[in-house]
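Working notes for the structure below.
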């Protein structure tokens, strides 16, 4: 756990955490069908959803409640797995020296089949995987990127299987559509470890070793609570969500909405769904443009991850709101990290820990090679990021120093 807690979160607020999250809970998976995709407001820019009742909260009460939500999410995984599994800690995934020697003796190979590409999350995942696979003596023979396109992902799986890897680590873009492609890997005897999502009809321990994820529901809670602090508990906001039934983004959007619902002075008055086709940044810019045209006095917009946040930021600048529209998001990509460090519209976010996720996935692949029983779902806790801790957060996320422009903007 990184020591860079959001300023103002102290031990005393942990006492309040259970009560503040009782309505949010960790049963987020059961509500995912109503948290994302077309069920989250369609692609219409108008929404009648709002946060809580009509009562108001004092600034001190807002900060106290927000801090308790943040502390709880940063301290303990809130989400459950795709099948409702309780999350195991990555600290429980360990290999002894003798087990590592046995793995090395197998001369196994691995293929990494990534759903996106060119983004910081994917790069950090691959770096973590390659680092730990090297330690285990497992050769990475292929790394593919689908850039958000399902047919490309299916083709990549088929191409990789022709290379006969021992292990495949992947994240399904479409659990239904891609299930047959992954089933071919199972039938070929490939050991599967998944990131975040799992194909439809697959069972842990039978069809795949384990699923490793960030606490996306918890990161949504963090993003919502941090935004509530920025708004001092009052304001009208819009949301740009992923208009695809995707477990990860469903979870984080539900977490965000559950956090906002705790602050009755904040109202969600506009929502637009976006996809990655042909380009999620430009799609998100158009969505935010529509919101700001219809609601020019919006106080803030939430974007489902950092790439959509870039589109929202471009729309804000086009509407002359480049310095006074608060943008909340998830994932610490280089562009949003720079904007946070500069004191721009992106004030703070909830981040994943993709490098550490990659390391854990590689270890679990080792479990599969040994026939060692693995936890079906492993999750890493949310990471709150603000201007005050952006450099330390970058180190935690990527296991490397922040880019020079981010360090310069942060005054380092």
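What follows is calculated from the coordinates using simple rules that are stated; it is not laboratory data. Note that this is a predicted model, so its numbers are computed, not measured.
Annotation: extensible slack from residue 60 through residue 184 equals 39.0 nm (criterion: 0.36 nm per residue apart, minus Cα-Cα distance).
Compute the length gained on full extension between residue 232 and residue 319: take 0.36 nm times their separation in residues and subtract their Cα-Cα distance, giving the result in nm to one decimal. Walk me through the numbers on the way to the answer.
Details: separation 87, 0.36 × 87 = 31.32 nm, distance 2.37 nm.
My answer for the length gained is 29.0 nm.
What is the log10 of I(q)/I(0) for the range 145-195, computed with the Debye formula using one identical point scatterer on each Cα and no solvent, at q = 0.17 Å⁻¹? Summing over Cα pairs of the range 145-195 leads to -0.43.
Estimated from helical segments only, the mean residue ellipticity of the chain at 222 nm is -12500 deg cm²/dmol, where each DSSP H run of four or more residues counts as -39500 (n - 2.57). In terms of overall dimensions, the C-alpha atoms belonging to the chain reach 62, 44, 42 Å along their principal axes, ordered largest to smallest.
If you run the Gaussian network model on the chain, springs between alpha carbon atoms under 10 Å, then out of 123, 94, 310 the most flexible one is 94. Between helix 247-260 and the chain there is an angle of about 30 degrees, using the helix long axis and the longest principal axis of the Cα atoms. Taking the convex hull of the alpha carbon atoms in the range 69-132, what volume per residue do you get, in Å³? Each residue corresponds to 165 Å³ of Cα convex hull volume.
What is the angle, in °, between the Cα long axis of helix 306-318 and the longest principal axis of the Cα atoms in the chain? Nearest 10 is fine, range 0 to 90. That works out to roughly 30 degrees.
Rounded to the nearest angstrom and listed largest first, the equivalent-ellipsoid semi-axes of the range 50-182 from its Cα gyration tensor are 38, 22, 13.
Shape descriptor for the range 322-392: Rg over Rh equals 1.19 (Cα atoms; Rh from the Kirkwood inverse mean 1/r). Sorted into 5 angstrom bins from 0, the C-alpha pair distances of the range 172-276 split as 2, 12, 18, 18, 14, 11, 9, 7, 5, 3, 1, 0 percent. Of the Cα atoms belonging to the range 288-362, the radius of gyration and Dmax stand at 13.8, 48 Å.
Pull out the extension gain between residue 101 and residue 155, defined as 0.36 nm times the separation in residues minus the alpha carbon to alpha carbon distance; nm, one decimal.
Contour length minus Cα-Cα distance gives 16.0 nm.
Principal-axis analysis of the Cα atoms of the chain puts helix 280-294 at an angle of about 20° to the longest axis. Cα convex hull, the range 169-220: 77 Å³ per residue, rounded to a whole number. Derived from the Cα gyration tensor, the three semi-axes of the equivalent ellipsoid of the range 115-200 are 19, 16, 11 Å, largest first.
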